[in-house]
Every structure is written in C-alpha cells, then in structure tokens.
Amino acid sequence: MGIPLLPLLVVLQLLIAPSPAAASPHISAVISQSGLDFAKDLLVSHAAETLTPLSVPDIKKSMSIPLVGTVRMTASGIVLHGLTVTNSTVAVGDTGVVVAASLARANLTMEWSYSYSAWVVTVSDSGNASIQVEGMEVGVSMSMKNQNGSLKLSVMECGCYMKELDITLNGGASWFYQVFIDAFSNHIRSSVENAITKKITEGALKLDSFLGNLPKKIDLDSVAAMNVTFVNDPLFKSSSVEFDIDGLFIPSDETAVPRDMLLGDIEYALPLGSSSKMLWISLDENVFNSVSALYFKAGLLQRMVDKIPDQFLLNTASWRFLVPQLYQKYPDDDMLLNISAISPPSVRINVGRIDATVDLDVTVSVLDSGKIVPVACMSVSVAVSGAAAVSGNNLGGRVELDYFSFTLKWSQVGKLHTVLVQTVLRIFLKHLFVPYVNSYLEQGFPLPIIKGFSIRDAYILTSYSKLIVSCDVTFIETEALFPVQTHGRFIL
C-alpha cells in the first residue's frame with residue numbers, strides 16, 4: 001500500500017489555509033470526516049491494484065532432520081498477487097493521520113527446492129507452491145509539518161500483520177511438505193510483512209517529495225498569482241484536518257515565499273452541518289482586496305468609453321440647451337468618457353452579503369478634429385453588492401448597482417446640469433460598468449484545489465469578513481493524483 005498512500009495526504013491537502021496560530025489567516029481549508037473517508041476509499045482501492053504483484057526476497061534455510069541429515073531448503077520467486085480489501089478506516093490523531101485496511105485474503109506463488117547429502121550422493125528436488133493468506137491487517141500513521149512553506153511528511157509507525165497461511169506444495173516427496181511448512185511458514189510471513197511495510201515506506205518518501213514539489217503559487221493571469229505557501233503546521237482534530245496557506249495575491253512574476261505571521265489565538269471552527277460536506281474553505285476578504293490592489297497598481301482599472309446604450313448622449317448636440325458652452329465650443333462633436341479608479345476597490349464581507357465600493361474619476365472629453373480634448377471631470381463613488389458562486393474549481397460572482405454619488409472636480413465648459421449628469425451616469429453604470437465588471441467576476445479565480453479533483457455541490461455562506469465554501473469533491477484525473485516522475489521532478 002506504499003505508493004497509493006501517497007495521494008492520501010495529497011487529498012488531505014486539497015486546500016490550503018490558516019490555522020490556530022495565525023493572526024491573519026487569509027484562506028483556511030478543513031477536510032471533514034466525510035472528506036477523509038472519500039480519500040481513504042479512493043486510495044485504498046488503488047492500493048490493492050498497485051501493490052501487486054509484489055516480489056519478496058528469497059529465503060534460504062538449513063535444517064537437521066533425523067535419519068536424513070542437514071537439509072538445505074530454498075523458497076524463491078515469492079510473489080504476492082491478488083488482494084481483496086474488505087474494510088478500511090482513516091482516523092485523525094493528535095499529531096497525524098492513521099490509515100488501516102483489512103484484507104480478506106491474499107494469494108502468493110513461489111518456487112521451492114531442497115537438497116541433502118546421502119553418503120556420496122546428493123539428493124535434491126524442487127517444485128512450486130501456492131499460498132493463501134486468510135486475514136491481513138495493514139496500517140500506517142503519518143504526521144506533517146510546515147517546512148519553509150511546504151509540507152514535510154514523516155512516517156511515525158507502519159506495519160503489516162498476516163493471520164493465517166495455507167501453503168500448498170506441488171511436486172516432490174510428500175515427507176518434505178510438513179518439514180518445509182514448519183520451517184518456512186513464519187519466515188514467509190515475516191518476509192511478506194516486511195516487503196509490504198517497505199513498500200509503504202517507499203510510498204511515504206514519494207509523497208514527501210510530491211508535497212515538496214507542489215506549486216507555491218497559482219497564476220490567475222499575467223498580473224496576479226495566489227501565494228499558496230503554507231504558513232502553519234496542519235491542525236489535526238478528532239474528525240478533521242485543517243491546513244493553512246498565505247492566500248494573498250502577489251504579482252505573477254514574483255516568487256511566492258512564506259510571509260511572517262504574527263501569533264494569535266484565532267482558530268477556524270467547522271460550520272454547522274459540516275459532517276455532510278467533504279471540504280470547507282474559508283476565504284478572508286483580504287484575499288479579494290489583495291487582487292484588486294494588484295490590478296490598481298498595474299493600471300488596469302481604467303477604461304475609455306465611446307459607446308453606451310443611449311449613444312446620442314455622447315454627442316455635444318444632446319447637451320446644447322443644458323451646457324450651452326459645451327455645444328458652442330464643440331458643436332456636434334462626439335464625446336468620450338475616461339473612467340479611472342483613483343484607489344483600489346474595497347471589498348467587505350458581512351453576514352449574508354458581500355459589498356464593494358470603488359472611487360472613480362470620470363473625465364468627459366470631446367473629439368475635436370480628431371483630437372481628444374478633456375472638458376470636465378467628476379469624482380464618482382460607486383457602491384455595489386453581489387453574490388459569489390462556484391463554477392468548476394473557480395470562485396466567481398456577480399454584482400449589481402446599489403447607489404452612487406458624484407461631485408464636479410473641474411470644468412472648462414461651465415456648470416453641468418446635475419439631473420442630466422446623474423441620468424447619464426446611471427445609464428453608464430447600470431448598463432455598461434456593472435456588466436463589464438461582471439464579465440470578469442464570472443470568470444473568477446481558481447480555488448487552491450489539487451489538480452485531478454473537481455468541486456461539486458458547492459454551497460456558499462458569508463460571515464463577518466469571511467466567505468465560506470462548503471463542497472464535495474470528485475476525482476476526475478488519475479494521472480494528476482499519481483504523478484509520473486521525470487528527471488527527478490514530478491509532473492503536476
């Protein structure tokens with residue numbers, strides 16, 4: 001069960017997030033008992049397939065037999081074949097995870113031979129044998145620690161116990177059968193148990209390497225990436241495991257490194273009804289504010305608008321009676337709106353709602369003989385509210401306009417008609433600005449899910465400063481869970 005144990009803790013790591021020692025947890029993920037059971041069922045079934053065939057080292061033994069003398073015996077080519085798993089469990093202790101499996105039966109085949117000297121003649125014989133194992137218990141306990149932003153896996157205990165062996169020898173002299181069984185049954189038992197234990201340990205080493213090579217960041221686009229380095233040791237509770245990551249967005253060309261976290265007393269509690277869902281993911285509002293700050297700093301929160309639903313409003317002729325100076329200076333000229341955020345949008349999460357505000361400068365310009373001429377500028381504060389949704393493995397959402405206010409910053413064409421400006425701004429915000437924002441929000445950003453798994457049946461709730469996703473998980477890609485190793489690195 002060595003190699004299949006590798007993905008167990010990969011699944012336990014499905015998401016990454018804050019724990020009891022972090023004063024500023026940004027994303028936290030708790031895998032419930034149902035999630036642990038899902039991982040266990042997936043991995044134990046794979047274990048039964050990949051553990052066999054398993055070759056066991058040859059066994060040699062000499063034994064003194066009355067009237068015969070010293071008999072040299074060998075059991076070679078011992079191979080473990082079929083495994084039938086009847087029951088498996090996964091439990092969480094104070095420092096790690098314990099996985100145990102009961103196997104109804106296992107089959108082995110082997111070759112046997114013996115030889116002894118009778119006066120000047122050497123007597124030898126050989127044959128094959130089949131071995132039926134009735135009842136086998138396999139278990140491993142593992143702990144994980146945070147090491148420089150990655151998980152370090154250690155095997156605390158590992159063992160295999162075989163109950164009964166039924167050895168059937170074929171060929172050779174019948175007198176030898178019971179001698180061989182008496183001499184070799186315990187050796188075969190211990191050799192198979194040691195081989196399985198070694199296989200599990202090898203799997204744990206591969207898992208440790210796999211965890212160490214997990215991505216430190218998830219790219220959103222050419223501007224932003226989520227820092228998914230671990231910031232605390234995993235927290236093992238009675239029926240769940242919690243993981244902590246940084247979770248904030250950083251420039252995509254920046255290397256993700258663990259941030260210094262202040263110590264505190266924050267502990268993420270599993271919400272009510274947690275037993276029905278495999279995974280609970282908590283995202284702090286700072287996650288959303290960090291990505292908006294990056295886009296603002298990159299100069300992406302601005303847009304030139306030359307088309308709106310009521311296009312006639314973007315011509316000076318529509319303003320000839322309300323802003324006479326505008327029409328007098330620029331008769332029948334088309335107009336442009338230059339929209340620029342003057343600060344990063346601010347997201348606030350409360351119980352049952354998500355709100356955001358953004359302060360904009362809206363500069364009105366005219367196209368005069370092909371030249372863009374600014375004529376007025378307004379300061380606009382926009383408030384929106386919305387809801388989040390999960391699509392695939394992405395967290396997205398939609399917003400709608402709540403209210404807005406504006407003031408005139410400067411004008412080269414006299415005072416503007418407040419009612420008309422308000423009407424134009426409302427049309428623009430409701431029919432252009434909000435749909436434009438939603439086109440990006442609906443794409444969302446990827447939740448830190450291990451490749452090869454897909455979120456399903458997600459439910460979202462909000463509490464003070466946090467958005468919580470509760471969901472189940474589906475396994476969709478075998479190659480991603482069991483990576484192929486190439487040139488010393490795992491392909492993820």
The percentage of the accessible area of the chain (probe 1.4 Å, all protein chains present) made up of carbon and sulfur atoms, to the nearest whole number, is 53 percent
With every protein chain in place, the accessible area of THR86 for a 1.4 Å probe, in Å² rounded to the nearest 10, comes to 90 Å²
For THR201 and GLU442, extending 7 Å from Cα along the Cα-Cβ vector and measuring point to point gives, in nm, a value of 5.6 nm
So the angle from the long Cα axis of helix 174-212 to the longest Cα principal axis of the chain, reported in degrees to the nearest 10, equals 20 degrees
For the chain, longest principal axis from Cα atoms; helix 418-428 axis from its Cα atoms; angle between them, nearest 10 degrees, is 30 degrees
Per the rule of 0.36 nm per residue minus the C-alpha distance, extending ASN213 to ILE181 adds in nm 6.8 nm
Residue separation between SER55 and THR84 times 0.36 nm, minus their alpha-carbon distance, gives in nm 8.7 nm
For the chain, longest principal axis from Cα atoms; helix 2-12 axis from its Cα atoms; angle between them, nearest 10 degrees, is 30 degrees
Taking Cα pairs closer than 8 Å and at least 6 residues apart, the relative contact order of the chain in percent is 15 percent
In whole µm²/s, the translational diffusion coefficient that Stokes-Einstein assigns to the chain, given a Kirkwood hydrodynamic radius over C-alpha pairs, 25 °C and 0.890 mPa s, equals 89 µm²/s
The answer for the chain, accessible area per residue at 1.4 Å probe in Å², is 47 Å²
Along segment 51-65, Karplus-curve 3J(HN,Hα) (6.51, -1.76, 1.60; θ = phi - 60°) to the nearest Hz, with x for Gly and Pro, reads 6, 10, x, 10, 7, 10, x, 4, 10, 10, 7, 10, 9, 8, 10
Accessible-area order for ASP284, ASP402, largest to smallest, probe 1.4 angstrom, reads ASP402, ASP284
With the charge dipole of the chain built from beta-carbon charges (+1 for Lys and Arg, -1 for Asp and Glu) about the Cα centre, the Cα from SER276, LEU36, PHE230 projecting farthest to the positive end belongs to PHE230
One quarter of the C-alpha convex hull surface, i.e. the mean projected area of segment 52-213 in nm², amounts to 11.8 nm²
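The values are calculated or read from the model by the stated rules, or taken from the named source; none is laboratory data. Values in this document were obtained by computation on a predicted structure and should not be read as measured data. Because the Cβ atoms are built from the backbone with ideal geometry, glycine has one as well, and the counts that use them run over all protein chains shown. Please note that ligands, DNA and RNA were not included when accessible areas were found on the heavy atoms of the full protein model with its side chains. Shrake-Rupley method; radii C 1.70, N 1.55, O 1.52, S 1.80 Å.
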